[in-house]
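J.: The following block contains the structure, expressed as structure tokens.
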Amino acid sequence: MNYTDIGIDLGTASILVYIRGKGVVLKEPSVVAFDRDAKDNNNIKAIGEDARLMIGRTPGNIVAVRPLRQGVISDYTVTEQMMKYFIAKALGKRSFRKPRISVCVPSGVTEVEKKAVEDATYQAGAREVAIIEEPIAAAIGAGIDISKPQGNMIVDIGGGTTDVAVISLGGTVESASIKIAGDDFDEAIVRYLRKKYNLLIGDRTAEDIKINIGTAFKRPEVDYMDVRGRNLVTGLPETIRVSSDETQEALKETTAQILDTICAVLEKTPPELAGDIVDRGIVLTGGGSMLRGLEELIEERTHINTMTADEPMTCVAIGTGRYIEFLAGYNNEGNNG
Ligand SMILES: Nc1ncnc2c1ncn2[C@@H]1O[C@H](COP(=O)(O)OP(=O)(O)O)[C@@H](O)[C@H]1O
Ligand SMILES: [Mg+2]
């Protein structure tokens with residue numbers, strides 16, 4: 001191997017960089033902090049973890065945004081600086097060979113944005129660039145052999161988007177994407193507690209609740225967590241004990257939208273491939289898929305065996321990195337044959 005293969009997962013919540021032979025070397029929040037007043041191109045103040053730490057702690061002229069959720073990725077300068085920053089950071093200073101880079105973008109990203117990412121990746125020093133679809137990357141990362149003529153269903157629940165796809169022979173046969181995912185679970189918990197207890201909590205607290213006791217399906221034992229917030233009537237801080245059953249209630253509508261999307265894709269899937277999925281099951285990936293009870297909920301509705309991938313949060317990055325190998329394998333077979 002005389003080159004470096006890099007896979008970059010440009011997620012709505014986090015960006016991961018995978019280097020072949022090394023694994024995932026970098027994981028940072030997809031946040032960029034700007035100086036609104038700067039007139040030149042040098043208006044980016046921080047990227048990734050440094051930018052996240054600035055949220056809520058900056059003077060008025062600096063704003064922290066999530067470029068992939070809030071649309072600025074079509075801004076060429078931002079994209080280029082972001083890609084350069086992550087690639088340089090992942091490779092370190094020693095590297096002099098130009099890497100082959102594959103980038104996985106969320107499925108909602110427009111053609112213009114894809115082009116911006118591609119150009120920016122070349123500008124950042126890539127020798128070859130491949131932009132790939134998230135479900136394909138997720139499938140490869142989950143250990144599925146996508147080159148077989150066999151239907152697989154992948155449900156990737158990220159921070160901002162859920163992507164449902166049926167893939168076969170290395171391509172997507174049916175798919176759907178909704179802007180409902182892990183972050184919407186947090187928002188649903190915020191709304192529920194405000195409505196039920198007049199308690200206002202922050203997004204971070206909501207995420208903690210989701211991760212600690214959150215569930216999409218009724219559990220045999222109930223878990224509890226003490227949650228601090230501000231009572232909207234008295235204006236004073238207040239602590240309330242929240243149960244896992246309550247999170248299930250809070251998350252019902254949001255998880256139902258994911259279920260509906262899965263069923264809609266199943267209905268459109270050709271019968272042979274649908275049969276394969278019944279045999280092989282549904283595979284969940286993405287950080288959002290770590291919500292407890294999702295597998296059971298999906299099984300209850302679809303009657304199809306459902307399992308979460310081994311490393312749901314890194315599997316897209318790993319799959320993206322391996323995709324170049326997969327392509328190279330295809331080309332070699334073509335050349336030899
Ligand atoms: N243990 C967990 N349980 C439930 N949700 C989780 C857990 N860990 C992370 N998440 C959620 O995963 C989402 C981010 O997933 P990720 O796959 O990194 O998103 P993206 O691909 O959009 O960047 C966030 O909403 C986060 O709250
Ligand atoms: Mg993702």
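The values are calculated or read from the model by the stated rules, or taken from the named source; none is laboratory data. What you see is a predicted model; the values in this text were computed from it and never measured. Quick reminder, even Gly has a Cβ in these numbers, built from the backbone with ideal geometry, and neighbours come from all protein chains shown. Each accessible area value is taken on the protein alone, full model and side chains, heavy atoms only, with ligands, DNA and RNA left out. Shrake-Rupley method; radii C 1.70, N 1.55, O 1.52, S 1.80 Å.
J.: For the stretch 182-250, what's the relative contact order in percent, using C-alpha pairs closer than 8 Å and at least 6 residues apart? Intermediate values should be presented prior to the final figure.
T.: On the way: 100 pairs, mean separation 22.6, N = 69.
Averaging sequence separation for qualifying contacts and normalising by length gives 33 percent for the stretch 182-250.
J.: What is the stretch 226-285's relative contact order, in percent, from Cα pairs under 8 angstrom and six or more apart in sequence? All intermediate terms of the calculation are to be shown ahead of the outcome.
T.: Values: 21 pairs, mean separation 10.6, N = 60.
Computed value for the stretch 226-285: 18 percent relative contact order.
J.: What length, rounded to one decimal in nm, is gained on full extension from L169 through to N212, with 0.36 nm per residue of separation minus their alpha-carbon distance?
T.: Numbers: separation 43, 0.36 × 43 = 15.48 nm, distance 3.85 nm.
Taking 0.36 nm per residue and subtracting the Cα distance, the gain is 11.6 nm.
J.: When DSSP assigns beta bridges and you keep just the ones with both residues in the chain, what percent turn out antiparallel, to the nearest 5? Show your work: numbers first, answer last.
T.: Values: 40 of 59 bridges.
Among the beta bridges of the chain, antiparallel pairing accounts for roughly 70 percent.
J.: Now, a different point. Can you work out the PRE-style zone for V222? Point 7 Å along Cα to Cβ, and I want the residues of the stretch 178-212 with backbone N under 17 Å.
T.: The answer is 193, 196-197.
J.: Between the stretch 108-131 and the stretch 230-286, what is the separation of their alpha carbon centroids in Å?
T.: Cα centres, the stretch 108-131 to the stretch 230-286: 32 Å.
J.: Starting at the first residue of the stretch 174-181, write each ³J(HN,Hα) from the Karplus equation 6.51 cos²θ - 1.76 cosθ + 1.60 with θ = phi - 60°, in whole Hz, x for Gly and Pro.
T.: 9, 7, 8, 9, 10, 8, 10, 7
J.: List the aspartates and glutamates whose Cα sits under 16 Å from the Cα of K268, skipping any in the same chain fewer than 8 residues away.
T.: D163, E174, D260, D276
J.: Dipole magnitude of the chain about its Cα centre, charges +1 at Lys/Arg Cβ and -1 at Asp/Glu Cβ only, in debye to the nearest 20?
T.: On the way: 39 positive and 49 negative charges, 259 e Å.
Value, rounded to 20: 1240 debye.
J.: In what sequence, largest accessible area first, do R241, R97 appear using a 1.4 Å probe? Display every interim value, and only then the final one.
T.: Details: R241 145, R97 120 Å².
Solvent-accessible surface, decreasing: R241, R97.
J.: Further question: Of the listed pairs K22/K45; K218/K252; K84/K179; K84/K115; K179/K210; K114/K210, which have alpha-carbon separations greater than 21 Å here? Please report the intermediate quantities before stating the final value.
T.: On the way: K22/K45 29 Å; K218/K252 11 Å; K84/K179 28 Å; K84/K115 16 Å; K179/K210 19 Å; K114/K210 32 Å.
Long pairs (Cα-Cα over 21 Å): K22/K45; K84/K179; K114/K210.
J.: Moving on. Using each residue's phi in the stretch 110-122, evaluate 6.51 cos²θ - 1.76 cosθ + 1.60 at θ = phi - 60° and report the 3J(HN,Hα) Karplus result to the nearest Hz, with x for Gly and Pro.
T.: 7, 4, 4, 5, 4, 4, 4, 5, 4, 4, 5, 5, 4
J.: A further question follows. Order of 99-105, 5-11, 29-35 by packing, highest average Cβ count within 10 Å first? Write out the running numbers ahead of the final one.
T.: Details: 99-105: 24.4, 5-11: 27.1, 29-35: 22.7.
Going from most to least packed, we get 5-11, 99-105, 29-35.
J.: Something else about it: Kindly identify the chain as rounded, prolate or oblate by the Cα gyration tensor criterion: order the square roots of the eigenvalues as a ≥ b ≥ c, call it rounded if a/c is under 1.5, otherwise compare a/b with b/c, prolate if a/b is larger, else oblate.
T.: Values: a/c = 2.25, a/b = 1.15, b/c = 1.96.
Oblate, since a/c reaches 1.5 and b/c is not below a/b.
J.: Mind listing the long-range amide H neighbours of I131? Cut-off is under 5 Å, sequence gap 5 or more, other chains count too, H placed in the peptide plane at 1.01 Å from N.
T.: Close amide H contacts, sequence-distant or interchain: V103.
J.: Using 0.36 nm times the number of residues separating E49 and K114, minus their current alpha carbon distance, what extension gain do you get? Before the final figure, lay out each step's value.
T.: Numbers: separation 65, 0.36 × 65 = 23.40 nm, distance 2.36 nm.
That pair, E49 and K114, stretches by 21.0 nm at full extension.
J.: Can you tell me how the stretch 164-234 classifies by the Cα gyration tensor, rounded, prolate or oblate, using a/c under 1.5 as the rounded cut? Walk me through the numbers on the way to the answer.
T.: Numbers: a/c = 3.57, a/b = 2.17, b/c = 1.64.
Taking the square roots of the gyration eigenvalues as a ≥ b ≥ c, the stretch 164-234 is prolate.
J.: Could you compute how much accessible surface K89 exposes when probed at 1.4 Å, giving the result in Å² to the nearest 10?
T.: The value for K89 is about 100 Å².
J.: Let me ask you something else. Projected onto the charge dipole of the chain (+1 at Lys/Arg Cβ, -1 at Asp/Glu Cβ, origin at the Cα centre), which of P237, A216, V166 gives the Cα projection farthest towards the positive end?
T.: Towards the positive end, the residue furthest out is P237.
J.: Okay, moving on. Show me, for the stretch 127-132, the HN-Hα J-couplings you get by feeding each phi into the Karplus relation (A = 6.51, B = -1.76, C = 1.60, θ = phi - 60°), rounded to Hz, glycine and proline as x.
T.: Coupling constants for the stretch 127-132: 7, 9, 10, 10, 9, 10 Hz.
J.: Can I ask one more? Which value in deg cm²/dmol, rounded to the nearest 500, describes the helix-derived mean residue ellipticity at 222 nm for the chain, given -39,500 (n - 2.57) per DSSP H run of n ≥ 4 and division by the residue count?
T.: Values: 10 runs with 136 residues, N = 337.
Only helices count here, giving -13000 deg cm²/dmol.
J.: Assign unit charges at the C-beta atoms only (+1 for Lys and Arg, -1 for Asp and Glu), then state the dipole size of the stretch 182-250 relative to its Cα centre in Debye, rounded to the nearest 20. Working shown, then result.
T.: Values: 11 positive and 14 negative charges, 58 e Å.
So the dipole magnitude of the stretch 182-250 works out to roughly 280 debye.
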